[in-house]
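Asker: I'd like to ask some things about the structure below.
The values are calculated or read from the model by the stated rules, or taken from the named source; none is laboratory data. In this text the structure is predicted, and so the values were computed from the model without any measurement. Every residue, glycine as well, gets a Cβ built from its backbone with ideal geometry; the counts of neighbours run over all protein chains shown. For the accessible areas, the whole protein counts, side chains as well, though only heavy atoms, and no ligand, DNA or RNA atoms are used. Shrake-Rupley method; radii C 1.70, N 1.55, O 1.52, S 1.80 Å.
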Amino acid sequence: MIRVLICSDVRIYREGLAEVLERRSGITVVGTSSGAWESLAQVRALGVDLVLLDMSTAESVAILRELAGGARETQVVALGVAETEAEVVAYAKAGVSGYVTREQALDDLVKAIVAVARGEAPCSPRAAAMLLHHVSAVADLQHERPAPAARLTEREREILALIRAGLSNKQIGQRLCIELPTVKNHVHNILEKLGVSGRHEAAQVSRELTLS
């Protein structure tokens, strides 16, 4: 039995949908709610498996984010999706488990509930195409933009390793036999390329990137 909670700020919509779904085998509606905090409380109290979230509800994306982040075992299906790329991608980033568009029927909703319960991510072919397009665009952008490590020169890598080892600018200059102003210029360039504001952050990035 799939335990479902319906979230919508339109009472007649959530209560009507609850009544219809209760007639479907394998699904039980354990409650309805009108907002994020009420939904979270009920999710925790009632052992909800899946939340049906009406995306026309005020601050629906914020509610989705709260539900997805606050109850890891609970899945969220977005209802009434308009199928614009901006919406589809935004819901995916917020943690949605499946989509039901405005044009889909009740049978499609039931199939989506069952699919999510099986660990699948139901969505229309159009929504799937939008998600794939977004992933491809992000991959292309990352490919075009060099990683922080790739942007460092050999000398900058060398100095970053010494920063990570805890050496001051003066000590780095002595170790590499270069003038202090030169060291400072290199450090400035390193911080800028890594997108950090200080030596400590640069050292941390260096560890994460396993640079030497």
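Asker: What residue among A86, A202, A139 shows peak mean-square fluctuation when the chain is described by a Gaussian network model with Cα springs under 10 Å?
Answerer: Highest fluctuation of the listed residues: A202.
Asker: How far apart, in nanometres, would the label points at E179 and K111 be if each is projected 7 angstrom from Cα along the Cα-to-Cβ direction?
Answerer: The two pseudo-label positions are separated by 7.3 nm.
Asker: Relative to the longest principal Cα axis of the chain, at what angle does helix 60-70 sit, 0 to 90 degrees, rounded to 10?
Answerer: Between helix and principal axis, roughly 70 degrees.
Asker: Quick check: the angle from helix 36-46's long axis to the longest principal axis of the chain, C-alpha only, nearest 10 degrees?
Answerer: Orientation of helix 36-46: about 70 degrees from the principal axis.
Asker: Something else: So how strong a dipole does region 44-124 carry about its Cα centre when Lys and Arg Cβ are +1 and Asp and Glu Cβ are -1, to the nearest 20 debye?
Answerer: 300 debye
Asker: I'd like the accessible area for E192, computed on protein heavy atoms only with a 1.4 Å probe and all protein chains in place. Round to 10 Å², please.
Answerer: That residue has around 130 Å² of solvent-accessible surface.
Asker: Nothing charged except the Cβ atoms of Lys and Arg (+1) and of Asp and Glu (-1): what's the magnitude of the dipole of the chain about its Cα centre? Round to the nearest 20 debye.
Answerer: 940 debye
Asker: For the full complex of protein chains and a 1.4 angstrom probe, list S136, S39 by accessible area with the highest value first.
Answerer: S136, S39
Asker: When semi-axes √(5λ) of the Cα gyration tensor in Å is calculated directly from the model, which label among (1) 27, 19, 18; (2) 52, 18, 13; (3) 29, 21, 18 fits?
Answerer: (2)
Asker: Another question, then. So how do E73, E22, E156 rank on accessible area, 1.4 Å probe, biggest first, that is with the largest at the start?
Answerer: So, going from the largest accessible area down, we get E73, E22, E156.
Asker: Which whole-number percentage describes the relative contact order of the chain, with Cα contacts under 8 Å and a sequence gap of 6 or more?
Answerer: For the chain, the relative contact order is 13 percent.
Asker: Here is a follow-up. Take the chain, connect every pair of alpha-carbon atoms lying under 10 Å apart with a spring to form a Gaussian network, then pick out the residue of V61, V196, V81 with the largest mean-square fluctuation.
Answerer: V196
Asker: What length, rounded to one decimal in nm, is gained on full extension from E73 through to V10, with 0.36 nm per residue of separation minus their alpha-carbon distance?
Answerer: Length gained between E73 and V10: 20.1 nm.
Asker: Moving to a separate point now. So what is the 222 nm mean residue ellipticity for the chain from helices alone, if each DSSP H run of at least 4 adds -39500 (n - 2.57) and you divide by all residues, rounding to the nearest 500 deg cm²/dmol?
Answerer: That comes out to -18000 deg cm²/dmol.
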